[in-house]
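This report concerns only the one structure given below.
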Amino acid sequence: MVLALHLFFLTLITEKGVSAIATPFVPQWQRWAILGLGAALVGASFVAVRQGVPGRTAWEALTTSGQILVVVVAAGYLPRFLKHPNEILPLVSVMVCADVVSFLVGPTHFIARDVADYYLSGREGIYPLSEVLLMKFAAPGSLELFPLFGLADWFMVIFLSSGVRQFGLDDRVKGIPLAVLGLYLASAAAQLLHIFLPALPVLALFFLLCMGGRHSAAFRPGKRELLLTLFPPAFSVIVLAVR
């Protein structure tokens, strides 16, 4: 319930921001200014926590606020460069494969271990650099904030939702965006099963399966899109095999 509540308000805030900021009608300098403000908030608040400045919860809340601003501008505007909905397929393929490989043998593998060690030790020791990539929210029974999912996961949610809507495609179930629903399912499963589950592949595949079933014509890949979609999995298999 807490996860659903956080996602509800996060979706509201981000969608309002995207519709107000990440549009071609907003001057480019304003988008860059907001993007810079978000990055500055993230950087300054992260340094404050790492240096032990009092008010840790407030600083971590500012980190999440800065992350939201970054996602609003970047993930909300980038879909403007898409020419057809089926171009989402190769982009998702690249991001999913990169995330899976990173989770198995790359940076995410070590990030997960460092974060787990840090929280299992009662948040003792040096504040991990990887914390800047996690979005933190309030939890019941605690005055501290805890990570629910990664910044890349929310970036993917907004990118996918903004991408299909600019082509006039419906991506909602009972008013809930499919990508948000996919993130909820992945995050809830990780919480209930007490495992580190990469949410990005789960939410992306859930989104594409549902949207492909609902708008099959729009998501039918051409030869070029099909080749570009199949290349990342093939390359990832080779990388994992060679390693």
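The values are calculated or read from the model by the stated rules, or taken from the named source; none is laboratory data. These numbers come from a predicted model, not from an experiment. As a convention, Cβ positions derive from the backbone with ideal geometry for all residues, glycine included, and neighbour counts pool all protein chains shown. The protein model used for the area step is the full one, side chains on, heavy atoms only, and it has no ligands, DNA or RNA in it. Shrake-Rupley method; radii C 1.70, N 1.55, O 1.52, S 1.80 Å.
Evaluating THR108 against the criteria (1) more than 25 Å from ALA40 (Cα to Cα); (2) crowded, with 19+ Cβ neighbours inside 10 Å; (3) modelled with pLDDT under 75 leaves one unmet condition, (1). Restricting ARG123, ARG113 to those that are of a type outside the set (Gly, Ala, Ser), farther than 24 Å from ILE13 by Cα and open to solvent by less than 40 Å² (accessible area, probe 1.4 Å) reduces the list to ARG123.
LEU120 meets all of the listed conditions (1) hydrophobic (A, V, I, L, M, F, W, C); (2) closer than 30 Å to PHE206 by Cβ; (3) under 20 Å from the mean Cα position of the chain (by Cα) but one, namely (3). Restricting attention to the stretch 223-232, the residues being in contact with a helix residue (DSSP H, G or I) (Cβ under 7 Å, 6 or more places away or on another chain) and under 28 Å from ARG172 (Cα atoms) number 3.
Residues in the stretch 76-104 that are more than 25 Å from GLY222 (Cα to Cα) and of a type in the set (Gly, Ala, Ser): GLY76, SER102. Residues in the stretch 13-52 that are open to solvent by 50 Å² or more (accessible area, probe 1.4 Å), in contact with a helix residue (DSSP H, G or I) (Cβ under 8 Å, 6 or more places away or on another chain) and of a type in the set (Ser, Thr, Tyr): none. Within the stretch 53-70, the set of residues being touching an Asp or Glu at 6+ places or on another chain (Cβ under 9 Å) and open to solvent by less than 40 Å² (accessible area, probe 1.4 Å) comprises GLU60, THR63.
Somewhere in the stretch 146-156, is a residue more than 20 Å from VAL72 (Cβ to Cβ), touching a helix residue (DSSP H, G or I) at 6+ places or on another chain (Cβ under 9 Å) and modelled with pLDDT under 90? Looking through the stretch 146-156, at least one residue is more than 20 Å from VAL72 (Cβ to Cβ), touching a helix residue (DSSP H, G or I) at 6+ places or on another chain (Cβ under 9 Å) and modelled with pLDDT under 90. For the stretch 71-90, taking the residues that are open to solvent by 10 Å² or more (accessible area, probe 1.4 Å), closer than 15 Å to LEU169 by Cβ and aliphatic (A, V, I, L, M), the one that is nearest to the chain's Cα centre (by Cα) is identified as LEU89. Summed over the stretch 210-225, the residues that are under 15 Å from PRO90 (Cα atoms), part of a helix (DSSP H, G or I) and either open to solvent by 70 Å² or more (accessible area, probe 1.4 Å) or out of contact with any Phe, Trp or Tyr (no Cβ under 8 Å at 6 or more places or on another chain) (or both) give a count of 3. Against the test of being assigned to a helix (DSSP H, G or I), open to solvent by less than 40 Å² (accessible area, probe 1.4 Å), closer than 25 Å to TYR77 by Cβ and in contact (Cβ under 8 Å) with a residue 60 or more places away in the chain, the options LEU160, LEU169 yield a single qualifying residue, LEU160. Residue count for the stretch 174-205 satisfying the condition of being in a helix (DSSP H, G or I), surrounded by 18 or more Cβ atoms within 10 Å (Cβ to Cβ) and not aliphatic (A, V, I, L, M): 4.
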